[in-house]
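See structure below.
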Amino acid sequence: MMINTRSIRFRLIAWYSGLIIVVAVTFGVLTYRDIAGHLLNSSEVALTRRIEGLSREILVQYSADDIGALSRAIDNAYSPEATDRFIRISDGEGKVIYLSSPPSDLIFEPERVPIAQAPGTRWEPLNGNGLYIVTADARLGDRPVRIEMGTPITETNLALSDLQRSLFIGLPLVAFIVTAGGYVLVARSLKPVEQLSATAQEITFKQLDTRLPVIETGDEIEHLSVRLNKMIDRLAEAYHQASRFSVDASHELRTPLAIIRAELESLLRQWEDLPANLVKRIGSVLEETERISFITESLFALSRLEAGEAKIRNERLDLATLVTATVDQMRLLTEDKNIALSVRSGGPVFVQGDSARLKQLFIALLDNAVKYTPEHGSIIVTVNAEASLAVLKIEDTGIGMAAEDMPRIFERFWRADKARSRRSDGAGLGLPIARSICQAHGGTIDVQSVEGKGTICYVRIPLTA
Amino acid sequence: MRVLLVEDEEKLCQIISHGLKAEGFAVDTANDGAKGFELAMSYPYEVIVLDLMLPGVSGSNVLKTIRQKNKSVPILILTARDGTADKVSHMEAGADDYLTKPFAFSELLVRLRALLRRAPQQREDIISIGGLEIDRFARTVKCMGQCVDMSAKEFALLVYLAQNKGRVLSRTMIIEHVWDQSFDGFTNIVDVYIRQIRNKLSDRGLASMISTVRGVGYVLNDGT
């Protein structure tokens, strides 16, 4: 599965778990350092206090000549071999006066611990463990001596490694819980958004009755969907008004047109001895009236098609048969202009649709091809199934279209200047109607054209079983 | 022949009424649904022309009520609404024909006459007009005694013109009769066919049988 790194879900989780992990790691490191410091610090305090005790209570009682008694006194007072303690007293030249015996568990060898060069605290690593040693200067009788007192820090280490282990296990666990929990939380809060977007995708001008689901969570998303629904209401209203307008307008135009037409026709009928000149003029007005009627009809048809009425009937039909039959009905149009018209089809091509509309679509396209193909040209119509699509291809050797005109050919009333100047009939509504029919059948229509060479028109409609 | 015309647009009502009277019909007119219904119930009309958009009682209701009273009078719907769904629903409600505004008067006339020919139209197998002889049974055309080859569509068009001799037929009517409505407006197919037929007839010396009535359509006369 591809993770969309730009998605809110991903970014939210990444930021949030990243932050929490950084906080947790910082917290762990600081805790570790504090505790380690604290443990060592308390060892240092204890050792310093012992050194002070040693010099105050024992050293003062002995002189430098009485080392045997001193050693016994120290051993008695501190029993270093039993308590794993390291004690050494040396003179200024590095000569050892007293050295504690090896501890009973032999975790370190006192002889191998180097003598301190200066007072202070130090860390003496010893095969895996270590000695934490505090050194201080004191006096034995009239001689200055250096006392080193150490303690193995195994226990300190143990405590710290426990902490370390907890942190090493704990932190990834925290990270995992944080991420998983975050995922669940974010997924839950984003679920309404997904529902919204799924429904929004279904809302088209043919499906304006659908509204977004209002998930009553009381949160911002509920507000959002309520507001979006209100927006869709307004859109739907505007759209319905627009389509009602074109229905009403063509409706209102029809009656006066009917009257004009009827008046003119009755003129022609009732005064048959009108001067020929006048008859011709009335006829010309009638022709234009018919033209207006046709445009009105086409606009009306277009708005109804766009309102989703294009598929009144929805039957399984063979596009190849439909096209072949229509070509035969129109063949005379091409013969009249000496255009070679051929149909190629690779067997039945079944689609789901309204045969009258599809026929209209095909007639509009073929008629265009005939109109814009000069005498002795050729038109090739091909119907085939390609993958899951029925493909109707109409290829002509006509005048073609300029590249800059191509984006506009599906606009209402648009006609290339060249075509306009030829004063051909039609009102520039054939292609928009063709496209509406095509879209109502879930199809697409594409036109490729080379000016002066010809045009190829592709109609693709989903196949049916 | 008594006709009831229910149409609220007075001008249109007047013109249609004049036109029909000139064609020999007796015409009663009503400008709203209630009056239309009253008249329809009171007199034995031979045909009713009914607009759908009427003040008061709508045309659809008038149609339904007349049919509920079991009146079998033929009803032609005249409307500015042309949705195919509308058409189907009114045909189902008992209308006999449906004509969309704006229409050619001659079309209304042809449709009314068709409705009035209650019995199957009296159609001779052989139609003879001037030097033209059409055998509908054998599907042959003779001009001045000579056979003329015609395609199926040309033949259908010629028969349609011949059956309505002297009457102007609009392109729409011809398309509906000989092809189907899908061709309406998109093509000049009728003109091309008429030209073909004319050429074939004039080759045999019958040049002026089919004439063009500009803005209206075509008419076949006996060529005199």
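The values are calculated or read from the model by the stated rules, or taken from the named source; none is laboratory data. Owing to the predicted nature of the structure, the values given are computational and were not obtained by experimental measurement. Ideal geometry is used to build each Cβ from the backbone, glycine not excepted, and the neighbour counts take in all protein chains shown. Heavy atoms of the whole protein, side chains included, go into the accessibility calculation; ligands, DNA and RNA do not. Shrake-Rupley method; radii C 1.70, N 1.55, O 1.52, S 1.80 Å.
Hey, can you tell me all the residues within the stretch B:1-11 that are within 14 Å of chain A (Cβ to nearest Cβ) and in contact (Cβ under 8 Å) with a residue 40 or more places away in the chain?
Selection gives B:Leu5, B:Glu7, B:Asp8, B:Glu9.
Are any residues in the stretch A:398-416 buried (at least 20 other Cβ atoms within 10 Å of the Cβ) and either touching a Ser or Thr at 6+ places or on another chain (Cβ under 6 Å) or acidic (Asp, Glu) (or both), and if so, which ones?
A:Gly398, A:Gly400, A:Met401
For a quick check of your reading of the model, give me the residue pairs whose first member lies in the stretch B:16-43 and is in the same structural domain as B:Phe105 (by TED's automatic domain parsing), whose second is among the basic types (Lys, Arg) and open to solvent by 60 Å² or more (accessible area, probe 1.4 Å), with beta-carbon atoms closer than 6 Å and at least 6 apart or on different chains.
B:Ala26/B:Arg2; B:Val27/B:Lys21
Only one residue in A:Ala258, A:Ala249, A:Ala276 is facing chain B (nearest Cβ under 7 Å) and either out of contact with any Gly (no Cβ under 6 Å at 6 or more places or on another chain) or without any contact (Cβ under 8 Å) to a residue 24 or more places away in the chain (or both), so which one is that?
From the options A:Ala258, A:Ala249, A:Ala276, the qualifying one is A:Ala258.
Hey, A:Arg313 hits all of (1) within 44 Å of the chain's Cα centre (by Cα); (2) open to solvent by less than 70 Å² (accessible area, probe 1.4 Å); (3) over 30 Å from A:Ala262 (Cα atoms) but one; which does it fall short on?
Only one criterion is unmet by A:Arg313, namely (2).
Looking only at the stretch B:142-154, how many residues end up being open to solvent by less than 30 Å² (accessible area, probe 1.4 Å) and free of Cβ contacts under 8 Å to residues at least 24 places away in the same chain?
Residues in the stretch B:142-154 being open to solvent by less than 30 Å² (accessible area, probe 1.4 Å) and free of Cβ contacts under 8 Å to residues at least 24 places away in the same chain: 0 in total.
Of all residues in the stretch A:43-74, which are open to solvent by 50 Å² or more (accessible area, probe 1.4 Å), over 18 Å from A:Gly92 (Cβ atoms) and among the aliphatic types (A, V, I, L, M)?
Correct list: A:Val45, A:Val60.
Checking B:Leu206 against (1) closer than 18 Å to B:Lys153 by Cα; (2) crowded, with 18+ Cβ neighbours inside 10 Å: exactly one of these is not met. Which one?
(1)
Quick check on this structure: which one of A:Leu208, A:Leu173, A:Leu190 is of a type in the set (A, V, I, L, M, F, W, C), in a helix (DSSP H, G or I) and surrounded by 13 or more Cβ atoms within 10 Å (Cβ to Cβ)?
Criteria check complete, one pass: A:Leu190.
Quick check on the stretch A:346-363. Is at least one of its residues more than 14 Å from chain B (Cβ to nearest Cβ) and polar (S, T, N, Q)?
There is at least one residue in the stretch A:346-363 that is more than 14 Å from chain B (Cβ to nearest Cβ) and polar (S, T, N, Q).
Considering each residue of the stretch A:275-304, count those that are farther than 25 Å from A:Gly430 by Cα, open to solvent by 60 Å² or more (accessible area, probe 1.4 Å) and either modelled with pLDDT of 85 or more or of a type outside the set (Gly, Ala, Ser) (or both), and give that number.
5
Here is a list of conditions, (1) away from chain B (no Cβ under 14 Å); (2) touching a helix residue (DSSP H, G or I) at 6+ places or on another chain (Cβ under 7 Å); (3) assigned to a helix (DSSP H, G or I); (4) more than 30 Å from A:Phe27 (Cβ to Cβ), and A:Leu264 meets all of them except one; can you say which number that is?
Failed condition: (1).
Which ones in the stretch B:155-181 are out of contact with any strand residue (DSSP E or B) (no Cβ under 9 Å at 6 or more places or on another chain) and open to solvent by 10 Å² or more (accessible area, probe 1.4 Å)?
Once the filter is applied, which keeps residues that are out of contact with any strand residue (DSSP E or B) (no Cβ under 9 Å at 6 or more places or on another chain) and open to solvent by 10 Å² or more (accessible area, probe 1.4 Å), the stretch B:155-181 yields B:Ala156, B:Glu176, B:Val178, B:Trp179, B:Asp180, B:Gln181.
Within the stretch A:269-278, is even one residue under 20 Å from B:Lys11 (Cβ atoms) and either among the charged types (D, E, K, R) or assigned to a helix (DSSP H, G or I) (or both)?
Yes, some residue in the stretch A:269-278 is under 20 Å from B:Lys11 (Cβ atoms) and either among the charged types (D, E, K, R) or assigned to a helix (DSSP H, G or I) (or both).
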